[in-house]
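Notes for the one structure printed next.
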Amino acid sequence: MENEVLIVGAGPTGLALAIGLEKQGVLFRIIEQNEGPGRTSRAMVVHARTLEFYRQFGLAHRLTEAGIVEDAVHIYKDRLEVGRIPLGEMRTGITPYPYLLSLAQDVHESILVDYLESKGGRVEWQTELLSFEEKEDHIEAVIQNHSGNSRSRYAYVCGCDGAHSTVRHQLDLDFPGGTYSQIFFVADAENTQPFKGMSAGFRGSEFNLALNIRTTGTVRLIGIIPPHLIDPEPPQVFSPLIPHVESVLPIKVGEVNWYSPYRVHHRVTDKFRKGRAFILGDAAHIHSPAGGQGMNTGIGDAFNLSWKLACAIKGRMDPAILDTYETERIAFARKLVATTDRIFKEAVNRKRFRNIMMPYIFPRVVQSYKVRRILF
């Protein structure tokens, strides 16, 4: 239908866009090439601003009930706690959600899918965009599913289809940036020792992050694989990294549920819009995991664009309102990538940052009310 929006990708960004359009009474079709919602934890951190968006749809409480509240970051040096950053106190009086929420992405997605279905919407799984072409007043898309290929018309197409976005490739948009030389690891594992919550640990040239996941007995671990373990390839199992992690943080790794080595990229595409096509989330910007901002930024893209599409389609505003999506969100993405890139380089390359600034100076500086407000 020519007043319908085609959403490609049913991760948090695509689902948030569908929820925003449904609220505005706009017809949409959301397709996803995978067979169902994700089954691994992936992105974990949900920020206050994202929960504020969800509150507008009566969704925030569903996420907070399913997640684990992290209201402080504990700083460790050689397994000993040397400081604490009070997240809750940073945000008091600013937001009803003065914390970070730890919530596995598969749980997050299932909550959004259930909400969408309760409103009469549905995700078309195992359905893939093959190609699309822009006409004078619509998009013509070729879509493949178990029934074969079909050609349909849409008002707009929105690529929420990740770093290897079909929509971005079809638009022939550059994705400038680079890849950090270090190889990261991410793992979800049982922890058999008492754990205070979100933690950052430092030891010599090494640092690791940890936070509760699913239950307080399971932790998400993130860090850089030491160079001596990459010879010639990073380990394909987590066991060689366990002594390294346990020397940095006061944890005892039990059963490992998931582990993956990966490289970190930092890229922002040249344009977020081309005619009747838009790109959002990882299709438009990817960056260091510093700050846990990636998924949250994609959700912000979605809620920014959803009401503007509604205004344009329903004739409530001049379609030029759609130009502001790129103006606002590309500036945000560029600033975010620059910020996380700077923090990442400091953490990786500067011994003074790892061994003095973060363990000893930073926890004391944030005792200042003014500093906490600025940081938030």
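Restricting to the stretch 112-121, give me the number of residues that are open to solvent by 20 Å² or more (accessible area, probe 1.4 Å) and either modelled with pLDDT under 95 or under 21 Å from the mean Cα position of the chain (by Cα) (or both).
Count: 1.
Considering the stretch 135-170, the residues that are in a strand (DSSP E or B) and open to solvent by less than 10 Å² (accessible area, probe 1.4 Å) include one that is farthest from Ile279 (Cα to Cα), namely Ile143. Pull up the stretch 214-270, narrow it to residues that are small (Gly, Ala, Ser) and surrounded by fewer than 18 Cβ atoms within 10 Å (Cβ to Cβ), then point me to the one that is nearest to Ile68 (Cα to Cα). The extreme case among them is Gly217.
Does any residue of the stretch 194-210 turn out to be of a type outside the set (Gly, Ala, Ser), surrounded by fewer than 20 Cβ atoms within 10 Å (Cβ to Cβ) and in a loop (DSSP other than H, G, I, E, B)? Among the residues of the stretch 194-210, at least one is of a type outside the set (Gly, Ala, Ser), surrounded by fewer than 20 Cβ atoms within 10 Å (Cβ to Cβ) and in a loop (DSSP other than H, G, I, E, B), which makes the answer yes. Here Val167 meets the list (1) at pLDDT 90 or above; (2) within 28 Å of Leu101 (Cβ to Cβ); (3) not basic (Lys, Arg) almost entirely, failing just condition (2). Is it the case, given these coordinates, that Phe132 is within 24 Å of the chain's Cα centre (by Cα), aromatic (Phe, Trp, Tyr) and either at pLDDT 95 or above or open to solvent by less than 30 Å² (accessible area, probe 1.4 Å) (or both)? Spelling it out, it is not the case that Phe132 is within 24 Å of the chain's Cα centre (by Cα), aromatic (Phe, Trp, Tyr) and either at pLDDT 95 or above or open to solvent by less than 30 Å² (accessible area, probe 1.4 Å) (or both).
So for the stretch 9-18 (the condition being touching a Phe, Trp or Tyr at 6+ places or on another chain (Cβ under 9 Å) and either open to solvent by 10 Å² or more (accessible area, probe 1.4 Å) or part of a strand (DSSP E or B) (or both)), does at least one residue qualify? Looking for residues that are touching a Phe, Trp or Tyr at 6+ places or on another chain (Cβ under 9 Å) and either open to solvent by 10 Å² or more (accessible area, probe 1.4 Å) or part of a strand (DSSP E or B) (or both), one finds none in the stretch 9-18, hence no.
Consider the stretch 40-57 and keep the residues that are in contact (Cβ under 8 Å) with a residue 24 or more places away in the chain and part of a helix (DSSP H, G or I). The one that is farthest from Leu375 (Cα to Cα) is Arg55.
Selection of the stretch 79-98 for residues being of a type outside the set (A, V, I, L, M), in contact (Cβ under 8 Å) with a residue 60 or more places away in the chain and either in a helix (DSSP H, G or I) or open to solvent by 20 Å² or more (accessible area, probe 1.4 Å) (or both) yields Arg79, Glu81, Arg84, Glu89, Arg91. Scoring Pro37 on the criteria (1) without any contact (Cβ under 8 Å) to a residue 24 or more places away in the chain; (2) touching an Asp or Glu at 6+ places or on another chain (Cβ under 8 Å); (3) not small (Gly, Ala, Ser) leaves a single failure, condition (1).
Test Phe175 against the criterion of being out of contact with any Asp or Glu (no Cβ under 7 Å at 6 or more places or on another chain), open to solvent by 20 Å² or more (accessible area, probe 1.4 Å), in a loop (DSSP other than H, G, I, E, B) and under 30 Å from Ala155 (Cα atoms), and give yes or no. Yes, satisfied.
Would it be correct to say that Ala60 is closer than 21 Å to Ala104 by Cα, surrounded by 15 or more Cβ atoms within 10 Å (Cβ to Cβ) and in contact (Cβ under 8 Å) with a residue 40 or more places away in the chain? So Ala60 fails the test. Note on the stretch 19-39: among residues that are under 30 Å from Ser260 (Cα atoms) and touching a helix residue (DSSP H, G or I) at 6+ places or on another chain (Cβ under 6 Å), the one that is surrounded by the most Cβ atoms within 10 Å (Cβ to Cβ) is Ile30. The combined condition, being surrounded by 21 or more Cβ atoms within 10 Å (Cβ to Cβ), on the phi < 0 side of the Ramachandran plot, under 20 Å from the mean Cα position of the chain (by Cα) and hydroxyl-bearing (Ser, Thr, Tyr), is not fulfilled by Tyr76. Quickly run through the stretch 63-73 and pick out the residues that are surrounded by 20 or more Cβ atoms within 10 Å (Cβ to Cβ) and either of a type in the set (Val, Ile, Thr) or under 17 Å from Ala16 (Cβ atoms) (or both). Of everything in the stretch 63-73, those that are surrounded by 20 or more Cβ atoms within 10 Å (Cβ to Cβ) and either of a type in the set (Val, Ile, Thr) or under 17 Å from Ala16 (Cβ atoms) (or both) turn out to be Leu63, Gly67, Ile68, Val73. Every listed requirement among (1) out of contact with any Cys (no Cβ under 8 Å at 6 or more places or on another chain); (2) modelled with pLDDT of 95 or more; (3) crowded, with 19+ Cβ neighbours inside 10 Å is met by Ser288 save one, (2).
The values are calculated or read from the model by the stated rules, or taken from the named source; none is laboratory data. Just so we're clear, the structure is a prediction, and the values are computed from it rather than from any experiment. Please note: Cβ atoms are built from the backbone with ideal geometry, for glycine as well, and neighbour counts cover all protein chains shown. Each accessible area value is taken on the protein alone, full model and side chains, heavy atoms only, with ligands, DNA and RNA left out. Shrake-Rupley method; radii C 1.70, N 1.55, O 1.52, S 1.80 Å.
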